[in-house]
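> Supplied in structure tokens, the structure appears directly below.
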Amino acid sequence: MTTNKLIISTLAFFALFCITNLIWYTYFFPFQDTAAREERLMTAVLPGALIASFMFSYLYGQLAKGGNKVREGFKQGSTLGTFMYLPLFLIFYGTRDTMPLAAWLMNAAFHIVQFGIFGIVVSYIRGNQASETRKP
């Protein structure tokens, strides 16, 4: 993958990640204020989102096989979303008394679909580069 496409896909993912999370947690997720800090620590949230954006864009190049951009993008994105969120939210459910299991699973489902959509975006930015990066 070229460095330019890695940077562009990272920034696109980061922007979409911030916007969709803001919309989800502000308007749709019914437990958004459960155990929330009075004032969010954006100095931790934004670098965390940027790291997730970079790692997603980088790992996409390692995992994607090329082919249909929508199918491959959604498959790889939702796989990474499942890997990142489902175990984390099950651990949170087991260690925190803040939300019922259904809320944690609903939150995980949102992020899995969110990452699937982001995978499609990254696949269009990157073109067929995912399959080209592994050629000997």
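The values are calculated or read from the model by the stated rules, or taken from the named source; none is laboratory data. This structure is a prediction, so every number in the text was calculated from the model and none was measured. Virtual Cβ from ideal backbone geometry, glycine too; neighbours counted across all protein chains shown.
> Out of G73, G48, report the one residue that is out of contact with any helix residue (DSSP H, G or I) (no Cβ under 9 Å at 6 or more places or on another chain) and in a helix (DSSP H, G or I). If you could, list the steps in order and put the result at the bottom.
Working: G73 fails: out of contact with any helix residue (DSSP H, G or I) (no Cβ under 9 Å at 6 or more places or on another chain).
Exactly one of G73, G48 is out of contact with any helix residue (DSSP H, G or I) (no Cβ under 9 Å at 6 or more places or on another chain) and in a helix (DSSP H, G or I), namely G48.
> Could you tell me which of the residues G61, G77, G94, G81 is surrounded by fewer than 16 Cβ atoms within 10 Å (Cβ to Cβ) and at negative phi?
The match here is G94.
> Still on this model: Take G116 and decide whether it is touching a residue at least 24 places away in the same chain (Cβ under 8 Å), within 10 Å of the chain's Cα centre (by Cα) and not in a loop (DSSP other than H, G, I, E, B).
Spelling it out, G116 is indeed touching a residue at least 24 places away in the same chain (Cβ under 8 Å), within 10 Å of the chain's Cα centre (by Cα) and not in a loop (DSSP other than H, G, I, E, B).
> If you don't mind, another one. Just to be sure, is S53 in contact (Cβ under 8 Å) with a residue 60 or more places away in the chain, among the small types (G, A, S) and not in a loop (DSSP other than H, G, I, E, B)?
So S53 does not fit the description; no.
> Cβ-Cβ below 7 Å, separation at least six or inter-chain, first residue in the stretch 1-18 and within 19 Å of L63 (Cβ to Cβ), second among the hydroxyl-bearing types (S, T, Y) and in a helix (DSSP H, G or I): which pairs?
Filtered contacts from the stretch 1-18: L6/S57; L6/Y58; S9/S57; T10/S53; T10/S57; F13/S53; F13/S57; F17/S53.
> With respect to T3, determine if the residue is buried (at least 16 other Cβ atoms within 10 Å of the Cβ), among the polar types (S, T, N, Q) and either at pLDDT 85 or above or closer than 22 Å to I112 by Cβ (or both). Spell out the reasoning first.
On the way: buried (at least 16 other Cβ atoms within 10 Å of the Cβ): no; among the polar types (S, T, N, Q): yes; either at pLDDT 85 or above or closer than 22 Å to I112 by Cβ (or both): yes.
Against the criterion (buried (at least 16 other Cβ atoms within 10 Å of the Cβ), among the polar types (S, T, N, Q) and either at pLDDT 85 or above or closer than 22 Å to I112 by Cβ (or both)), T3 does not qualify.
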